[in-house]
Amino acid sequence: MKLKVDLSGRIGLFILAGIASLPCMMILASAAGDMPVSFAVTTKAISNGLGITHFVLPPVEEGIIWQYRMSRTLMAACSGGGLALSGLVLQALLRNPLADPYLLGISAGASTGAVCVMLLGIGGGVLTTGSGAFAGACAAFALIILLSGGMRENSGRIILAGIAGTQLFNALTAYIVSTSANAEQSRSVMFWLLGSLSGVRWPDAMLALVVTTAGLLIILCYARSLDTLTFGEEVSATLGTRILTVRIVLLLTTALITAIIVSSIGAVGFVGLVIPHVTRMFTGAKHLVSVPVTFLVGCHFMIMADLVSRTAITHQVLPVGVVTALVGAPAFAFILYRNRGKSL
C-alpha cells in the first residue's frame, strides 16, 4: 500500500511538472528558428498578443513570434496531445496495442475528406475543411467495422482492415490530387500530407485547442469505463458499463480530434502508437492517471518534433511527420524488442 501511495504521489508531481513546464517549453520553441529571438522579447511578444501588456517591440520580431511561431507551437501541442489520446483510447477500446488513428486508416480517411473539400473548393475556412475531414474519418471507421465484421471480432482483423482502408484512402487522395490540382497545388498538398505545421494560423490553433481540451475532458469522464473494457465486454457489462454508449461516444471523440488535427497539419504517424506505450510503462493501465500523462507527453513530444523540423536544416523546414517517424519507428522497435515473448 505504501508503494502505491508513493507511486501516486510521484505521478501527481509529474503531471504538475508537465503542466508547469508546457508554457515554458512553448515560449522556448517560439524563440528558436532561422531568426532567433531572445526569451525576454518572446515573452513580451506573447504577453502583448494576449492583451496583457503593451510593450513596444520591433514589429518584425513581434509579428514572427505571435503570428507565426506561437500559433504553430500551440497547434503542435494540441496535435501531439490529441493524437496520443486518440491512440490510447483506441488501444483500450479495441484491446489491441497496435491501434492508433494512423494505422487504422482514420487519418487517411480524414486526409481524403479534407483534400476533397480543399480541391473542390466547397465553402471556405478551417471549419469547412474540418467538416470534410470528420466525414472522412467517420467513413474510415465505418469501412473498418464493415471489413472486420464488427467491433466484437478479433482485434487483429480490425488492424488488417485498417491497413486495407489506409491503402484505399491513400489511393483515393493521390487520385484526387493528381486529377484535380495544378502543379503548385499538388506540391502544397503533398507536403501537407506528410504532416506540416507551416500553414497553421490562429483560427486553426484555437479550434484544435477547443476540440482537444473538450476531448480530454470527455475521455477523463469515461476513464473508469476504459478500465473495465480492458477486461473484456462480459466483465465490463457486469460492472455496469454501457458498452455501446461508451464506444460510440469515444469513437466519435477520437474521430473529431483526428479530423481537426489532420485538416490543419495532415496525417502524422507514430504519435498515437508510441506515446501510449511509453506512458503506460510508468503509469500502469489505470486510465484516470494514464490519460492526462499521455496528453502531456504527447504535447511535449510534438513541440520538440516541430522545433527539430524547423531548426535541423538551415533555411529549410522539414515536414513534422518525417521527424515523428524518424523518432517513433526506432522507439516502437525498442518497445517491441523489450517486450518480446510477451503481450504488449
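Could you tell me whether the range 233-251 includes any residue that is at positive phi, without any contact (Cβ under 8 Å) to a residue 12 or more places away in the chain and of a type outside the set (A, V, I, L, M, F, W, C)? Don't jump to the end; show me each part of the working.
So in the range 233-251, the residues at positive phi come out as 240.
Next, from what is left, pick out any that are without any contact (Cβ under 8 Å) to a residue 12 or more places away in the chain: 240.
Next, from what is left, pick out any that are of a type outside the set (A, V, I, L, M, F, W, C): 240.
Checking the range 233-251: at least one residue is at positive phi, without any contact (Cβ under 8 Å) to a residue 12 or more places away in the chain and of a type outside the set (A, V, I, L, M, F, W, C).
Ile176 fails exactly one of the following numbered conditions: (1) under 30 Å from Leu50 (Cβ atoms); (2) modelled with pLDDT under 95; (3) touching a Cys at 6+ places or on another chain (Cβ under 8 Å). What is the number of that condition?
Every condition holds for Ile176 apart from (1).
For the range 265-285, what are the residues that are among the polar types (S, T, N, Q) and at pLDDT below 90? Spell out how you get there, then give the answer.
Narrowing the range 265-285 to residues among the polar types (S, T, N, Q): 279, 283.
Of everything in the range 265-285, just one residue is among the polar types (S, T, N, Q) and at pLDDT below 90, namely Thr283.
Can you tell me which residues in the range 214-260 are of a type in the set (Gly, Ala, Ser), surrounded by fewer than 19 Cβ atoms within 10 Å (Cβ to Cβ) and at pLDDT below 95?
Here is the first cut: in the range 214-260, the residues of a type in the set (Gly, Ala, Ser) are 214-215, 223, 225, 232, 236-237, 240, 255, 259.
If we keep only those that are surrounded by fewer than 19 Cβ atoms within 10 Å (Cβ to Cβ) as well, we get 214, 223, 232, 237, 240.
Within the range 214-260, Ala223, Gly232, Ala237, Gly240 meet the criteria.
Taking the condition under 24 Å from Gly105 (Cα atoms), not hydrophobic (A, V, I, L, M, F, W, C) and not in a helix (DSSP H, G or I), does Gly269 pass?
On the way: under 24 Å from Gly105 (Cα atoms): yes; not hydrophobic (A, V, I, L, M, F, W, C): yes; not in a helix (DSSP H, G or I): yes.
So Gly269 passes the test.
From the list Val89, Val56, which one is of a type in the set (A, V, I, L, M) and without any contact (Cβ under 8 Å) to a residue 60 or more places away in the chain?
Numbers: Val89 fails: without any contact (Cβ under 8 Å) to a residue 60 or more places away in the chain.
Going through Val89, Val56 in turn, just one is of a type in the set (A, V, I, L, M) and without any contact (Cβ under 8 Å) to a residue 60 or more places away in the chain: Val56.
Taking Ala329, is it within 18 Å of Phe191 (Cα to Cα) and free of Cβ contacts under 8 Å to residues at least 60 places away in the same chain?
Working: within 18 Å of Phe191 (Cα to Cα): no; free of Cβ contacts under 8 Å to residues at least 60 places away in the same chain: yes.
Judged against the criteria, Ala329 is not a match.
Each row is one residue, and each column tells you yes or no for (1) modelled with pLDDT of 90 or more; (2) surrounded by fewer than 23 Cβ atoms within 10 Å (Cβ to Cβ); (3) closer than 30 Å to Thr42 by Cα.
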| position | (1), (2), (3) |
| --- | --- |
| Ile64 | yes, yes, yes |
| Ala76 | yes, no, yes |
| Gly87 | yes, no, no |
| Asn96 | no, yes, no |
| Ala110 | yes, no, no |
| Leu143 | yes, yes, no |
| Arg152 | no, yes, no |
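Take the residues of the range 296-330 that are part of a helix (DSSP H, G or I) and of a type in the set (Gly, Ala, Ser): which is surrounded by the fewest Cβ atoms within 10 Å (Cβ to Cβ)?
Quick first cut of the range 296-330, residues part of a helix (DSSP H, G or I) only: 296-311, 320-330.
Then keep just the ones that are of a type in the set (Gly, Ala, Ser); that gives 298, 305, 309, 321, 325, 328-329.
Details: Gly298: 30, Ala305: 28, Ser309: 23, Gly321: 26, Ala325: 19, Gly328: 22, Ala329: 14.
Across the range 296-330, the extreme among qualifying residues is Ala329.
One residue is enough: does the range 281-290 have a residue meeting the conditions closer than 30 Å to Ile65 by Cα and in contact with a Phe, Trp or Tyr (Cβ under 9 Å, 6 or more places away or on another chain)?
The answer is no, given that none of the residues of the range 281-290 is closer than 30 Å to Ile65 by Cα and in contact with a Phe, Trp or Tyr (Cβ under 9 Å, 6 or more places away or on another chain).
Restricting attention to helices (runs of 4 or more DSSP H) lying wholly within the range 36-114, give those where 1 or more residues are closer than 30 Å to Val278 by Cα.
Fully inside the range 36-114 and qualifying: 71-94.
Quick one: is Val293 of a type in the set (A, V, I, L, M, F, W, C) and under 26 Å from Thr166 (Cβ atoms)?
Here the answer is no, as Val293 does not meet what is asked.
Test of understanding: among Arg340, Arg310, which residue is at pLDDT 90 or above and either in contact with a helix residue (DSSP H, G or I) (Cβ under 8 Å, 6 or more places away or on another chain) or farther than 24 Å from Ser225 by Cβ (or both)?
Details: Arg340 fails: at pLDDT 90 or above.
Criteria check complete, one pass: Arg310.
Of a type outside the set (Val, Ile, Thr), within 13 Å of Gly82 (Cα to Cα) and free of Cβ contacts under 8 Å to residues at least 40 places away in the same chain - does that describe any residue in the range 189-210?
Among the residues of the range 189-210, not one is of a type outside the set (Val, Ile, Thr), within 13 Å of Gly82 (Cα to Cα) and free of Cβ contacts under 8 Å to residues at least 40 places away in the same chain, which makes the answer no.
Could you check how many residues of the range 164-188 are surrounded by 17 or more Cβ atoms within 10 Å (Cβ to Cβ), among the β-branched types (Val, Ile, Thr) and more than 19 Å from the chain's Cα centre (by Cα)?
Selection size over the range 164-188: 3.
Being on the phi > 0 side of the Ramachandran plot and surrounded by 24 or more Cβ atoms within 10 Å (Cβ to Cβ) is the filter here; which residues of the range 281-295 pass it?
Once the filter is applied, which keeps residues that are on the phi > 0 side of the Ramachandran plot and surrounded by 24 or more Cβ atoms within 10 Å (Cβ to Cβ), the range 281-295 yields nothing.
Confirm whether Ala205 is small (Gly, Ala, Ser) and within 19 Å of the chain's Cα centre (by Cα).
yes
The values are calculated or read from the model by the stated rules, or taken from the named source; none is laboratory data. Predicted model only: the values in this text are computed from it and were never measured. Glycine also receives a Cβ, built like all others from the backbone with ideal geometry; neighbour counts cover every protein chain displayed.
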